[in-house]
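To keep things clear, I will list the structure first and then write my remarks on it.
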Amino acid sequence: MVEPITSRQFHEFSGVADWRVLSDGATAYFRTGSFAKGLEFVNRIGALADATDHHPDIDLRYSAVLVKLMTHEVMPNAWLSERDASLAAQISGVARELGIASDPGEVLTLQIAIDALDIPPVQAFWAAVLGRTATEEDLVDRNALAPNFWFQQMDVARPQRNRIHIDLYVPADQAEARISAALAAGGSVVRDNGPEWWTLADPEGNEVDIAPWPDTWSGR
């Protein structure tokens, strides 16, 4: 039986310094510099995945490769197991052999949150527009290519405040830099719920929640 592990337990494994855990698993972004080098890297990852019978999601771009790991056997209550940490370390080893560096600053998860007084009809509208099927309070892209839509229960109407905002999950070691950059660009802090999350607003009041993913969570 496959046992889940927390984000902190994942990060405690040797050889996983390239990786960051967010709301959808462990992710690493590798700057390959060319499509040919990226393809070579992906083929090496594929061989490791087949050998361990544990297969990541891979996004191959012209000059970068993004790799995402999760263990389906422990979902939906958790994302990760020791199998992910082991494969992550092996993938990072291949990256070092090929002279490929990681860039943790490129790792993030984007979610669109909609506040609603009556969630089902609002959710049904967005499900129809997006061509998705509702999963409890979420509308998840089954191909994992577009942002998740999440619906938050409102108690009373807020006519003077936007009711759609962005949830941006970033690695814990990237959150402070993102917040500082946003403030320097003219933003403001609307709510300080640190260290769980901070709500920021742009100069016209549009909001984003910046949230570092907690190491203690094993799942969502």
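Using the basic label-point model (7 angstrom from Cα toward the beta carbon), what is the Q153 to T135 distance in nanometres?
2.1
What are the radius of gyration and Dmax of the chain, computed over its Cα atoms and given in Å?
Cα-based Rg and Dmax for the chain come out at 18.8, 57 Å.
Out of G15, L39, V74, whose Cα points farthest toward the positive end of the dipole of the chain (charges: +1 Lys, Arg; -1 Asp, Glu; placed on Cβ)?
The one lying farthest along the dipole's positive direction is L39.
Could you tally the net charge around G131, taking each other residue with its Cβ under 13 Å from the Cβ of G131, Lys/Arg +1 and Asp/Glu -1?
Working: positive: R132, R142; negative: D141.
Charge balance in the 13 Å sphere: +1.
Antiparallel as a % of all DSSP beta bridges within segment 72-220, to the nearest 5?
Of the beta bridges lying entirely in segment 72-220, close to 65 percent run antiparallel.
Taking the convex hull of the alpha carbon atoms in segment 108-212, what volume per residue do you get, in Å³?
117
A short reminder: the numbers here are calculations on the coordinates, not readings from a lab. Note that the structure is predicted; figures quoted are calculated from it, not measured. For neighbour counting, all protein chains shown are included, and Cβ atoms are generated from backbone atoms with ideal geometry for every residue, glycine included.
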